[in-house]
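Please read the structure below before turning to the comments.
The values are calculated or read from the model by the stated rules, or taken from the named source; none is laboratory data. Just so you know, these numbers come straight off a predicted model, no measurement behind them. Here Cβ is always computed from backbone atoms with ideal geometry, including for glycine, and neighbour counts include all displayed protein chains. To get the accessible areas, we keep the full protein, side chains included, count just its heavy atoms, and leave off ligands, DNA and RNA. Shrake-Rupley method; radii C 1.70, N 1.55, O 1.52, S 1.80 Å.
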Amino acid sequence: MPKTLAEKILSRASGRDAQTGDLVIAPVSRVMVHDSVIDAVIAGLRDLGRDRVWDTSRVAVFIDHAAPAPTPVVADSHRVLREWVREQGIATFYDAGEGVCHQIMVEEGYCESGTVIVGSDSHSNSYGAVGAFGAGMGATDIAVALALGRTWLRIPESIKVTFTGKPRKGVTMKDAIMRVVREIGTDGARYACVEFHGAGSLPQGDRITLAGMTTEMGAKAGIVAGTPEAPGWLFPDHGASYANEVTIDLSVLEPQIAVPPRVDQVVDVSAAIGQPVDVVFLGSCTNGRLIDMRQAAAILRGRRIAPEVRLEVVPSSRRQFEDAMADGTLLALSAAGAVIGSSGCGPCLGRTGGVLAANEICLSTANRNYRGRMGSPDASIYIGSPYVAAVAALTGVIDDPRPYLEATEDELDALVARRRAERPGRGAASVRSGERSRELMVAAARSGIAAEIDD
């Protein structure tokens, strides 16, 4: 019978001709573990009577979720993790500051296309960016995978998402996946594999954004079809069966905004214009890459962020951090008033790097906006693209980024002044140091960083 990507990968891995709904036992090509669950994972191995992982070369360990350690309790947990890694002899270990596990897993080539990879984080779906079946699991299942090198899975039904057309300037694949979430809902892909068509030629970062946010639809996995990394056999068969099919025309898509407290409560940006914000977060495994930081710099164009707003930028990996330093992007963001954090998850999950206070309003480029996600349950989180985030930081309100990208310098100054004047009074204006670097920052921002960005 014709097979979907999930059916092909799991049939090949398990060594049997399996179809949707079948239970299979499949070897894993890699197991990813991070700091938030390591204590439970180690306890799970102990309960299984196993002292050693099955293959140290196939295990990747990260300290990224609460890093650097924000409390003595977390520091003790990190110490235990480091001791365990040393005792096990695991070479693939990324300590605090190296970056988000998912970004590094894909970026450093640990995700083998056409294989099964499990991780101790729900956004392990991200590995589908290169054609792997990536799935997040709880501590007990991860302990089993570490002990045995295999796991059991029910082959999920698949949902086909097809992208047509080309997005207009100022519209990104973050907007595209948010539109998909809007169409499917937070539980519309429960234990399904979301299969993306028409996206295989996109840059790897865009594909990570697509695959990773399938988690927000309840998916077991998200796989991009036709990626450069895929082996010749990895393609969905003509006539494969899908539980649902969604088509998104990128040529008419507007920037999208997820309104709190649901990630599927998505509207066109035009419906949220004027919404004031206090904090802007640019980062996470969803949008913390060089291209995302460059898009923000293209909006800021040598200007300072609104005095009542805090802009927190956290590169998704050290490689992205260093690339953004090398081309002047981080200089432009810092000189605009951004706080630059060490590579990792940062404020995304509300444990370190700038948690939200009660009643604060945040515009985040991450993937979740439920109550309490980034700090106080009384805070509000809107989700948008890096372009939207930069506009919110510049003006203090949510707005359509496209006019800002097209405006002349004088038009941009007038637009920013008008939006700031219209913003409801929130927060206190902050005096920011660093004015002596303004000439350097302006020169950097207007000689390449502010050039047109290829989305």
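For first residues located in the range 304-316 and in contact (Cβ under 8 Å) with a residue 60 or more places away in the chain, partners that are β-branched (V, I, T) and part of a loop (DSSP other than H, G, I, E, B) and lie 6+ apart or on another chain with Cβ distances below 6 Å form the pairs L311/I305; S316/V100. Taking the conditions exactly as written (out of contact with any Ser or Thr (no Cβ under 8 Å at 6 or more places or on another chain), touching a residue at least 24 places away in the same chain (Cβ under 8 Å) and under 17 Å from V280 (Cβ atoms)), does R301 satisfy them or not? When the stated conditions are applied, R301 passes them. Given the residues I299, I291, which is the only one that is open to solvent by 20 Å² or more (accessible area, probe 1.4 Å) and either part of a helix (DSSP H, G or I) or at pLDDT below 95 (or both)? On inspection, the qualifying residue turns out to be I291. Picking from T56, T92, which residue would you name as being polar (S, T, N, Q) and touching a Gly at 6+ places or on another chain (Cβ under 6 Å)? Result: T56 is the single residue among T56, T92 that is polar (S, T, N, Q) and touching a Gly at 6+ places or on another chain (Cβ under 6 Å). When A358, A407, A324 are checked against the criterion of being open to solvent by 20 Å² or more (accessible area, probe 1.4 Å) and over 21 Å from V266 (Cβ atoms), a single residue qualifies: A358.
Cβ-Cβ contacts under 7 Å between residues 6 or more apart (or on different chains), taken from a first residue in the range 225-243 that is within 16 Å of M1 (Cα to Cα) to a second residue that is assigned to a loop (DSSP other than H, G, I, E, B) and modelled with pLDDT under 95, are absent.
Within the range 191-203, residues that are modelled with pLDDT of 95 or more sit with their Cβ atoms under 7 Å from residues that are of a type in the set (D, E, K, R) and open to solvent by less than 40 Å² (accessible area, probe 1.4 Å), at 6+ positions apart or across chains, in these pairs: Y191/K220; A192/K220; C193/K220; A199/R207.
If I filter the range 249-271 for residues that are crowded, with 20+ Cβ neighbours inside 10 Å, under 15 Å from D175 (Cβ atoms), small (G, A, S) and modelled with pLDDT of 95 or more, do I get at least one hit? Yes.
For the range 359-455, the helices (runs of 4 or more DSSP H) that sit wholly inside it and include 2 or more residues that are at pLDDT below 90 are 438-444. Of the residues making up the range 1-34, those that are crowded, with 23+ Cβ neighbours inside 10 Å and part of a helix (DSSP H, G or I) number 5. Restricting attention to the range 61-85 and to residues that are among the hydrophobic types (A, V, I, L, M, F, W, C) and assigned to a loop (DSSP other than H, G, I, E, B), the residue that is nearest to Q103 (Cα to Cα) turns out to be I63.
Wholly within the range 97-202, which strands (runs of 3 or more DSSP E) include no fewer than the required count, namely at least 3 residues that are open to solvent by 10 Å² or more (accessible area, probe 1.4 Å)?
Counting at least 3 such residues, we get 150-154, 158-164.
Residues checked against (1) modelled with pLDDT of 95 or more; (2) of a type in the set (A, V, I, L, M, F, W, C):
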site	(1), (2)
A60	yes, yes
P70	no, no
Q88	yes, no
T92	yes, no
D95	yes, no
I104	yes, yes
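Any chance the range 207-224 includes a residue that's surrounded by fewer than 22 Cβ atoms within 10 Å (Cβ to Cβ), under 22 Å from V118 (Cβ atoms), modelled with pLDDT of 95 or more and touching a strand residue (DSSP E or B) at 6+ places or on another chain (Cβ under 9 Å)? Taking every residue of the range 207-224 in turn, none turns out to be surrounded by fewer than 22 Cβ atoms within 10 Å (Cβ to Cβ), under 22 Å from V118 (Cβ atoms), modelled with pLDDT of 95 or more and touching a strand residue (DSSP E or B) at 6+ places or on another chain (Cβ under 9 Å). All told, T286 meets the bar of being under 16 Å from L210 (Cα atoms), of a type outside the set (D, E, K, R), outside any loop (DSSP other than H, G, I, E, B) and within 21 Å of the chain's Cα centre (by Cα).
Among the residues examined, V279 does not qualify as open to solvent by 50 Å² or more (accessible area, probe 1.4 Å) and among the aliphatic types (A, V, I, L, M). Does T247 fit the bill of being polar (S, T, N, Q) and either outside any helix (DSSP H, G or I) or in contact with a Leu (Cβ under 7 Å, 6 or more places away or on another chain) (or both)? Answer is yes for this residue.
The numbered conditions (1) open to solvent by 10 Å² or more (accessible area, probe 1.4 Å); (2) more than 21 Å from K174 (Cβ to Cβ); (3) in contact (Cβ under 8 Å) with a residue 60 or more places away in the chain; (4) aliphatic (A, V, I, L, M) are all true for L349 except (2).
Figure legend. Inter-residue proximity from the range 57-71: first residues closer than 16 Å to A147 by Cβ and open to solvent by 10 Å² or more (accessible area, probe 1.4 Å), second residues at pLDDT 95 or above and in a strand (DSSP E or B), beta-carbon distance below 6 Å, spacing 6+ or different chains. Indicated pairs: R58/R30.
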